[in-house]
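Q: Handing you a structure now.
The values are calculated or read from the model by the stated rules, or taken from the named source; none is laboratory data. Computed from a predicted structure; not experimentally measured. Glycine also receives a Cβ, built like all others from the backbone with ideal geometry; neighbour counts cover every protein chain displayed. When the accessible area is computed, the model is the full protein with side chains, heavy atoms only, and any ligands, DNA or RNA have been set aside. Shrake-Rupley method; radii C 1.70, N 1.55, O 1.52, S 1.80 Å.
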Amino acid sequence: MTKWDRMNIVALILGVIALFVEQADPGPLVAAIVHALDFCIMLLVILSAIDEIRNAAYRWNYVRNNWASLLFLSVFTGLFLYSKYLAFFVTDAVGFGALAAALRNVFLVFKVLSRMRKLLKLFERMAAKPAQTVVVSFALVILVGAISLMLGASTPDGRGLGFLDALFTSTSAVCVTGLVVVDTATALSRFGQAAVLALIQIGGLGIMLFSFFVMVALRRRLSLKDRLTVSYMLSEDDLSGLSRSLGAIVLSTLGIESLGAIALFIRFAALEYSVADAAFFAAFHAVSAFCNAGFALFSDSLESFRRDPFVTATVALLIVAGGISFGVIRDVRAWLRSVAGRLFRREGARRVLVPSQNSMVVLSITGILLLSGFIAFYLLEHEGVMADYGLGEQYLGSFFQSVTLRTAGFNSVPFGSLRDATLVFMLLFMFIGGASGSTAGGIKVNSLAAMGAYLASFLRQERQARIGRASIAPEKIGRAFLILVFGLCAVFFGTFILSLTEDAPFLDVLFESVSAFGTVGLSTGITPGLSGVGKSTVIVLMFLGRLGPLTILTAASRKEPQGFVEYPQGDLAIG
């Protein structure tokens with residue numbers, strides 16, 4: 001990419017920033033920032049054109065071949081300067097600030113279109129690395145979501161969200177976290193809530209999976225590059241069955257969400273909501289629950305439903321289904337079919353399929369964590385925040401919180417009143433999260449199993465780490481510890497920054513950081529009051545937590561392995 005290509009990209013980025021800044025409350029500071037951005041953009045574009053002419057082999061031929069672009073640049077510069085003159089020196093020149101912004105945006109679109117081929121080549125080079133493709137796709141969806149939430153139609157007052165609040169909400173939705181700085185139930189209109197719903201669905205599955213699913217549905221063949229990207233996102237090594245797996249994932253997701261939405265619709269309709277409201281509430285909470293997002297259309301999350309086993313159980317089942325991963329759902333479905341075939345003596349059903357090692361590990365650890373979380377929450381809070389609840393309510397609330405703290409983000413009890421000991425125990429569960437390849441966050445139960453197997457093999461003095469009678473590859477154990485270290489570092493730096501910028505107890509700040517990195521969405525109540533730096537820090541933590549350490553590090557690494565050189569062993573003291 002040449003120097004002037006980089007200049008045009010910088011100008012485009014500044015133009016996007018200027019669009020966001022213009023949405024802020026009008027004032028002298030905002031006006032000064034917008035004018036400064038406008039002049040920076042104009043300067044970059046002019047310098048880019050001058051540099052192109054100066055470095056052309058035949059300058060006159062370059063001018064003749066690009067006369068339309070140069071003429072447009074001249075007209076743009078003249079009108080731009082004239083509009084700025086009127087804005088600065090003519091007090092009754094109404095609307096010329098908008099004229100300058102319109103000129104700037106039209107020109108930037110023109111420049112982007114003129115560079116589209118080179119930009120597409122740049123994106124193609126980035127797509128050669130699936131991890132970079134995933135990072136870029138998530139970033140673009142977050143940006144589009146923020147712009148949609150800044151529209152006037154997104155809020156009841158017609159003003160839209162401010163830039164930082166829109167970016168925070170969009171990131172929280174796409175990263176299926178659930179932390180909110182504005183009340184989704186009251187601060188957003190139905191259009192804004194629908195935008196959040198779409199962002200949750202896209203973020204839960206990933207924009208690339210949606211795109212490839214459409215290609216498969218239209219019977220277009222996936223290229224090798226596309227197959228590599230899909231296999232990376234699904235953590236599957238078999239490229240031959242990717243199209244089938246892709247279709248199964250999307251269809252099963254929509255099917256499970258539809259069943260959950262139907263169940264919730266029946267209950268909401270019985271609670272005297274209108275048909276339209278009941279349908280929208282049901283669809284929103286079903287998608288939010290399955291994607292482990294934690295967004296709710298009630299200001300108290302699901303606290304008002306703590307006595308309602310139908311709603312809480314439905315949401316809990318959706319959370320568990322979304323948190324065990326698509327691969328495990330597929331294995332369980334195949335196992336149930338084989339069992340049914342064996343019981344009813346169907347033709348061809350000779351044996352019962354055995355779930356894979358990964359599925360057994362995920363289901364076992366998920367069950368252990370749910371049971372231990374239920375017991376711990378009940379013991380810690382049955383005389384605390386749930387002291388006034390009946391015994392059935394206490395059991396239901398303990399079970400629901402055990403499910404939701406595994407990165408779902410809903411709550412049926414007030415978190416601001418929890419004991420410090422409860423928050424500390426919840427930190428561990430939030431940090432672990434769900435399963436690899438699921439909509440959940442955290443370091444994942446698969447990583448926990450790999451590290452546990454390694455520690456067990458060390459205690460048994462065995463050369464190979466194993467689970468049961470199957471060993472685990474050393475590189476997967478290394479990845480598990482890498483994920484652990486990355487997660488601890490992210491939480492440490494996030495907590496450190498929030499401790500500097502926020503006036504809140506340390507445990508609340510630590511809880512916020514772990515919740516953001518684990519894409520949990522639970523909070524002790526400090527999220528709406530975060531400073532600008534605090535919100536930005538949480539945005540970064542949510543982004544890192546959703547994409548995962550491996551995706552981030554792979555995207556930042558070199559393209560190709562740097563050879564197979566073996567170095568002599570050193571002598572490093574350990575322990």
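Q: Which pairs turn up if I take residues in segment 143-157 that are in contact (Cβ under 8 Å) with a residue 40 or more places away in the chain and look for partners that are of a type in the set (Phe, Trp, Tyr) and open to solvent by 60 Å² or more (accessible area, probe 1.4 Å) with beta carbon separation below 6 Å, at least 6 apart in sequence or on another chain?
A: Cβ pairs passing all conditions: Ser154/Phe191.
Q: Give segment 274-323 a look and list any residue that's open to solvent by less than 20 Å² (accessible area, probe 1.4 Å) and outside any helix (DSSP H, G or I), or say none.
A: Correct list: Cys291, Asn292, Ala293, Gly294, Phe295, Ala296, Leu297, Ser301, Leu302, Asp308.
Q: Output the helices (runs of 4 or more DSSP H) that fall wholly within segment 469-559 and possess 3 or more residues being over 30 Å from Val182 (Cβ atoms) and within 17 Å of the chain's Cα centre (by Cα), or say none.
A: So the answer is 549-556.
Q: Just checking, how many residues over segment 368-388 are out of contact with any Phe, Trp or Tyr (no Cβ under 9 Å at 6 or more places or on another chain) and in a loop (DSSP other than H, G, I, E, B)?
A: 4
Q: Among residues belonging to segment 410-420 that are of a type in the set (S, T, N, Q) and either in contact with a Cys (Cβ under 7 Å, 6 or more places away or on another chain) or part of a loop (DSSP other than H, G, I, E, B) (or both), point out the one that is surrounded by the most Cβ atoms within 10 Å (Cβ to Cβ).
A: Ser412
Q: Which members of segment 455-479 meet the condition of being under 24 Å from Gly545 (Cα atoms) and touching a residue at least 12 places away in the same chain (Cβ under 8 Å)?
A: Lys476, Ile477, Arg479
Q: Would you please list the contacts, defined by Cβ atoms under 7 Å and residues six or more apart or on different chains, that run from a residue in segment 255-274 that is more than 11 Å from His285 (Cα to Cα) to a residue that is of a type outside the set (Val, Ile, Thr) and open to solvent by 50 Å² or more (accessible area, probe 1.4 Å)?
A: Going by the 7 Å Cβ cut-off, the qualifying pairs are Arg267/Phe310.
Q: Further question on the same structure: What number of residues within segment 234-264 are more than 30 Å from Val275 (Cα to Cα), more than 20 Å from the chain's Cα centre (by Cα) and modelled with pLDDT of 65 or more?
A: 4
Q: Take segment 393-409 and flag every residue that is modelled with pLDDT under 90 and either touching a Ser or Thr at 6+ places or on another chain (Cβ under 6 Å) or surrounded by fewer than 20 Cβ atoms within 10 Å (Cβ to Cβ) (or both).
A: Residue satisfying the conditions is Thr407 alone.
Q: Within segment 57-94, can you find the residues that are modelled with pLDDT under 70 and charged (D, E, K, R)?
A: Residues satisfying the conditions are Lys84, Asp92.
Q: It is to be established whether one or more residues within segment 330-339 are of a type in the set (Val, Ile, Thr), in contact (Cβ under 8 Å) with a residue 24 or more places away in the chain and touching a Gly at 6+ places or on another chain (Cβ under 8 Å).
A: no
Q: So Gly162 clears everything in (1) crowded, with 21+ Cβ neighbours inside 10 Å; (2) farther than 14 Å from Leu297 by Cα; (3) modelled with pLDDT of 60 or more except one condition, right? Which one?
A: (1)
Q: Considering each residue of segment 465-503, count those that are open to solvent by 30 Å² or more (accessible area, probe 1.4 Å) and either closer than 30 Å to Ala421 by Cα or polar (S, T, N, Q) (or both), and give that number.
A: Adding up the residues that qualify gives 16.
Q: Select from segment 324-340 the residues that are assigned to a helix (DSSP H, G or I), under 25 Å from the mean Cα position of the chain (by Cα) and either at pLDDT 90 or above or among the hydrophobic types (A, V, I, L, M, F, W, C) (or both) and list them in ascending order.
A: Residues satisfying the conditions are Phe326, Val328, Ile329.
Q: Restricting the search to segment 452-472, which residues are closer than 18 Å to Ile365 by Cα and polar (S, T, N, Q)?
A: Of everything in segment 452-472, just one residue is closer than 18 Å to Ile365 by Cα and polar (S, T, N, Q), namely Ser471.
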